[in-house]
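*Asks:* The structure under discussion is supplied below as structure tokens; questions concerning it will follow.
Every number in this text was worked out from the coordinates using simple rules, so none of it is lab data. Not measured: the values here are computed from a predicted model. Neighbour counts are summed over all protein chains in view; Cβ atoms, including those assigned to glycine, are modelled from backbone coordinates with ideal geometry.
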Amino acid sequence: MTEKLILILGGARSGKSRFAQQLAKSIGPSVLYIATARVLDEEMERRVAVHRADRPPGWQTLEASDHLDSALQDYKDTYDAILLDCVTLLLSGSFLPLPEDVGEEELIHAAGEALSDLLKAVKRRPEPWIVVSNEIGLGIVPETFMGRVFRDAQGRANQQLAALADEVYFMAAGIPLKIK
């Protein structure tokens, strides 16, 4: 069972990743960084490169955009902390293999499976986890059906993670606000 779960929420460019890395460094030098981004275009490639450059050189990186629990089976070492960045890309990635005309139930099921897989991984590992997730429910209502379903699924996932977390931070303008 995980020693501790810390959830970091916030909007885009709110400082979530930077704060998560600071927390991980404060726990210890041995960190497993789980990157969930799928590189599908040049813009995302640039973003990933910036994140890679920001990480300390001694950290080990696991790139896992799906099937997180099984991907972690190959990592037998114990780390001072595990940092996952981010839940939002993990959940949105679960929508990618689905057809465009998919129904709401299938979308909710896909997001639920991705979250369930993450929670299995968290429970299986003994290390403290720092989990980054976007708070996307504060903006305008998404224009598309899939966007609205995703926003709702993300909100439910954040609620589940926050309920399980020992600490929850909300990032605003680079400032961490401890809310739990």
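*Asks:* May I ask you to derive the FRET efficiency for Gln60 and Arg124 from their Cβ-Cβ distance with R0 = 22 Å, giving the value to the nearest 0.05?
*Replies:* The computed FRET efficiency comes out at 0.80.
*Asks:* Moving on. Could you calculate the contour length gain from Lys178 to Ile108, that is, 0.36 nm times the residue separation minus the distance between their Cα atoms, to one decimal place in nm?
*Replies:* Gain on stretching Lys178 to Ile108: 22.3 nm.
*Asks:* Which label marks the calculated value of Cα extents along the principal axes in Å, given the options (1) 64, 34, 29; (2) 85, 58, 35; (3) 45, 36, 36?
*Replies:* Matching the structure shown: (3).
*Asks:* Another question about this same structure. Angle between the Cα long axis of helix 145-164 and the longest principal axis of the chain, 0 to 90 degrees, nearest 10?
*Replies:* That helix lies at roughly 30 degrees to the long axis.
*Asks:* For the chain, take the longest principal axis of its alpha carbons; what is the angle in degrees between that and the long axis of helix 104-124, to the nearest 10 within 0 to 90?
*Replies:* Long axis of 104-124 versus the principal axis of the chain: about 10 degrees.
*Asks:* Let me ask you something else. From the helices alone, meaning DSSP H stretches of at least four residues, give me the mean residue ellipticity at 222 nm for the chain, per-run term -39500 (n - 2.57), in deg cm²/dmol to the nearest 500.
*Replies:* My calculation for the chain gives -14000 deg cm²/dmol from helical runs alone.
*Asks:* Indicate, rounded to the nearest 5 percent, the antiparallel portion of the DSSP beta bridges found entirely in the chain.
*Replies:* Working: 4 of 28 bridges.
The answer is about 15 percent antiparallel.
*Asks:* Could I ask something else about it? If I stretch the segment between Phe145 and Glu100 completely, what's the gain in nm (0.36 nm per residue apart, minus their alpha carbon distance), one decimal?
*Replies:* Using 0.36 nm per residue and subtracting the Cα-Cα distance, I get 15.2 nm.
*Asks:* Moving to a separate point now. In terms of the Cα gyration tensor, with a ≥ b ≥ c the square roots of its eigenvalues, is region 79-180 rounded because a/c is under 1.5, prolate because a/b exceeds b/c, or oblate?
*Replies:* Judged from the Cα gyration tensor, region 79-180 comes out oblate (a/c at least 1.5, b/c at or above a/b).
*Asks:* Residues in region 4-48 near a label at Asp77, defined as backbone nitrogen under 12 Å from the 7 Å Cα→Cβ point?
*Replies:* 29-33
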